[in-house]
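Below: the structure, in structure tokens.
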Amino acid sequence: MKRREFLVAGAGCACLLFAPAGRAETAKTGPVKIGALKSFTKEGLDNKFVTHGFFVVRGKDRIYALSAFCTHRTDVQLSGKTGVEKIICPRHNAQFALDGSVTRPPAKRGLDRLAITVDDKGEVTVDTSKKIEAGKHDEAPAFVKIG
Ligand code: FES
């Protein structure tokens, strides 16, 4: 391989290594069925649905869904692990509490809450196309009550 060919090939590899996980590659928008309400037994973060672009968090009396995309650069997908107490962005290390609020910049805005509902059979659905405004996190459909 000539030097020029090597440099061109090398530049292509660098782009692949540092390309962010794009929203279109990892998550679709719209309703996602996440299972029975009674299956969410452990308090804290559940990352089972991160490939759909959200986390499910169980608090003492409710579950809610948080977008898994950083608010600093919205093309960067987060990968918080089940059971962690904070979500850390891999790009610039912003941190978010499990209620979605920012605890360390550079992100300035908390993670988006997504609409979550339960049907009469106890099956829960998260709608990734419906974001809940910041002042409405204590109203349906920002959470589903447990028990
Ligand atoms: S992209 Fe998440 S902190 Fe910058």
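The values are calculated or read from the model by the stated rules, or taken from the named source; none is laboratory data. Please read these numbers as outputs of a predicted model, since none were measured by experiment. Methodologically, a virtual Cβ is constructed for each residue, glycine included, from the backbone with ideal geometry; neighbour enumeration extends over all protein chains shown. Heavy atoms of the whole protein, side chains included, go into the accessibility calculation; ligands, DNA and RNA do not. Shrake-Rupley method; radii C 1.70, N 1.55, O 1.52, S 1.80 Å.
Quick rundown of the values:
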quantity	calculated
Note, ³J(HN,Hα) from phi for segment 62-69, Karplus 6.51, -1.76, 1.60, rounded to Hz, x at Gly and Pro	7, 10, 8, 10, 10, 4, 9, 10
Hits among aspartates and glutamates - C-alpha to C-alpha of K48 under 19 Å, sequence gap 8 or more where chains match	E25, E85, D99, D112, E123, D127
Unit charges on C-beta of K, R, D, E only; dipole of segment 23-145, Debye	300
Estimated distance in nm for a label pair at T51 and K28, the labels positioned 7 Å out from Cα along Cα-to-Cβ	1.3
Placed amide H near V76: partners under 5 Å, 5+ positions off or other chain	C70
Which of F49, F54 is most accessible, then next, and so on - probe 1.4 Å	F49, F54
Cα-Cα separations in segment 23-145 greater than 21 Å, expressed as whole percent	31
Residue (of I132, V32, L45) at the positive-pole extreme of segment 23-145, dipole from beta-carbon charges	L45
Difference of contour (0.36 nm per residue) and Cα-Cα distance, R109 to N93	4.4 nm
Which listed pairs, of K60/K86; K38/K145; K33/K131; K28/K60, have C-alpha distances above 22 Å, in listed order	K28/K60
Near-label residues of segment 52-80 by backbone N, under 20 Å of a point 7 Å along Cα→Cβ of D119	63-65
Net length gained if the chain between E139 and T41 were fully extended (0.36 nm per residue, minus Cα distance)	33.1 nm
